[in-house]
Structure formats: structure tokens, C-alpha cells
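Worksheet for the structure shown next.
The values are calculated or read from the model by the stated rules, or taken from the named source; none is laboratory data. Predicted model only: the values in this text are computed from it and were never measured. Positions of Cβ are generated from backbone atoms using ideal geometry, with glycine treated the same way; all protein chains shown enter the neighbour counts. Ligands, DNA and RNA are stripped out before the accessible areas are found, and what is left, the full protein with its side chains, is counted by its heavy atoms. Shrake-Rupley method; radii C 1.70, N 1.55, O 1.52, S 1.80 Å.
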Amino acid sequence: MGVYQIIEEPDEVLRAKALPVNNINAGVIRVLDNMRDTLYAFDGVGLAAPQIGVSKRIIVVDPGDQYIELINPEIIEADGEQVGREGCLSVPNLWGTVKRANRVVVRGLNREAEPVEYEATELLARAFQHEIDHLDGVLFIDKASDLRRGKD
Ligand code: CO
């Protein structure tokens, strides 16, 4: 069990373009395990590796009913539109309204280095887009309107 400290904005690791994982070695597996522990410890919907100071293309998400981890995730299809409130563990106590695609198809690798693909809508689609943005140094506050303290 390992819970990381969450890196908070402003920090340059959150603004860097994270590097692809070339080799899923024991270090990457340990990062995945600790990201899962950290996600649940902070009751998050998703977490990207830069948020724990690791500038690699790794995300974990759980919209409430399904835990997914992805290495080198890519959005290969996006359509529709959803508008909703969003927050981020790296931007504590701030929420904003963000427009996202309503449906995405995301491709990546699982921890066994097997290619996997997920089709997602609504909250899971939002989580994928938010976490993959983190890998490109983009935070939800860059896209949000009506930023304020308070979820609603
Ligand atoms: Co975030």
C-alpha cells in the first residue's frame, strides 16, 4: 500500500508533456499500484501520473463502478458534447464548468502490456478526457468557465 502526496498547481510537472512508457517494468507496476491506492485514499474519480510527480503517460480512473488503468492512453474517437462541473485533486477546492465530448473511445495498454480499448460516455468519458489532458500538461482550469469554490 502506498499513497502518494498529490502535486498541486502551480508546479511545472503538472505543465510538462509526459513521456510515453516504453517498458512496463516493476517500477511502472509499482506506480500503478500506488496510483490506485492514492486514487481511493483521496476519493478521486481519476488520477494521472504527473499528479504524483511522475511525468509518464499513465492514468487510472474509477467513475464509481469500474476501475481502469491505462498506459500510453490515446483518444481515438470523440463525439457529442457534455457540459458539467469538474474538479481536480491538484487544484483543491476549485470547481468549474467544462465542455467535453460526450463519447470517447480510448486505446492504451494494460499492466500486462496488452492493448485495450474502452468506449465511454458521460462521467467515464469526462474522466478519460480530464486525465489524458494531464498528460499533455493541461488542467481543467484552462478550459473551465464559472470557476469557483463549491461543486455546484
Ligand atoms: Co485532475
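Can you pull out the trypsin sites (Lys or Arg not before Pro) in the stretch 44-139 whose DSSP state is coil and whose Cβ has at most 16 other Cβ atoms within 10 Å?
Loop-located and lightly packed - 111.
With each label point set 7 Å from Cα along the Cα-Cβ vector, what nm distance links residue 78 and residue 94?
So the two model labels end up 2.1 nm from each other.
Pulled fully out, how much extra length does the chain show between residue 15 and residue 114, if you take 0.36 nm times their separation in residues and subtract their Cα-Cα distance?
Full extension from residue 15 to residue 114 adds 32.8 nm.
Output ³J(HN,Hα) for the stretch 77-82: one whole-Hz value per residue in order, computed from phi by the Karplus curve 6.51 cos²θ - 1.76 cosθ + 1.60 with θ = phi - 60°, and x for Gly and Pro.
Each residue's phi maps through the Karplus curve to give 8, 8, 8, x, 8, 9 Hz.
What does the charge dipole of the stretch 98-149 about its Cα centre add up to, to the nearest 20 debye, if the Cβ of each Lys and Arg holds +1 and the Cβ of each Asp and Glu holds -1?
Magnitude of the dipole: close to 340 debye.
On a 1.4 Å probe surface of the protein chains, which of 152, 11 comes out largest in accessible area, and what is the full order?
152, 11
Computing the accessible area with a 1.4 Å probe over protein heavy atoms, can you report the carbon and sulfur percentage for the chain?
About 47 percent, which is the carbon plus sulfur part of the accessible surface.
Add -39500 (n - 2.57) for each DSSP H run of 4 or more in the chain, then divide by its residues: what number comes out at 222 nm, to the nearest 500 deg cm²/dmol?
Using -39500 (n - 2.57) per qualifying helix, the result is -6500 deg cm²/dmol.
With a 1.4 Å probe and all protein chains left in place, how much accessible area per residue does the stretch 12-149 have, in Å²?
Per-residue value: 47 Å².
Semi-axes of the stretch 21-91's equivalent ellipsoid from the Cα gyration tensor, sqrt of 5 times each eigenvalue, largest first, rounded to whole Å?
So the equivalent ellipsoid measures 21, 16, 11 Å along its semi-axes.
At R0 = 35 Å, how high is the FRET efficiency between residue 41 and residue 149 if r is their beta carbon distance? Nearest 0.05 is fine.
For R0 = 35 Å, the calculated efficiency reads 0.95.
When the dipole is taken about the Cα centre of the chain, and only Lys, Arg (+1) and Asp, Glu (-1) are charged at their Cβ, what size is it in debye, to the nearest 20?
Dipole of the chain, to the nearest 20 debye: 300 debye.
Per residue of the stretch 124-133, in order, report the coupling 6.51 cos²θ - 1.76 cosθ + 1.60 (Karplus, θ = phi - 60°) as ³J(HN,Hα) in whole Hz, putting x for Gly and Pro.
Karplus values, whole Hz, x for Gly and Pro: 5, 5, 5, 4, 4, 5, 4, 6, 5, 4.
Give the residues of the stretch 74-101 whose amide nitrogen is closer than 20 Å to a point set 7 Å from the Cα of residue 65 in the direction of its Cβ.
Backbone N within reach: 82-85.
Please list 40, 67 from largest to smallest accessible area, probe radius 1.4 Å, with all protein chains kept in place.
Ranking 40, 67 by accessible area, largest first, yields 40, 67.
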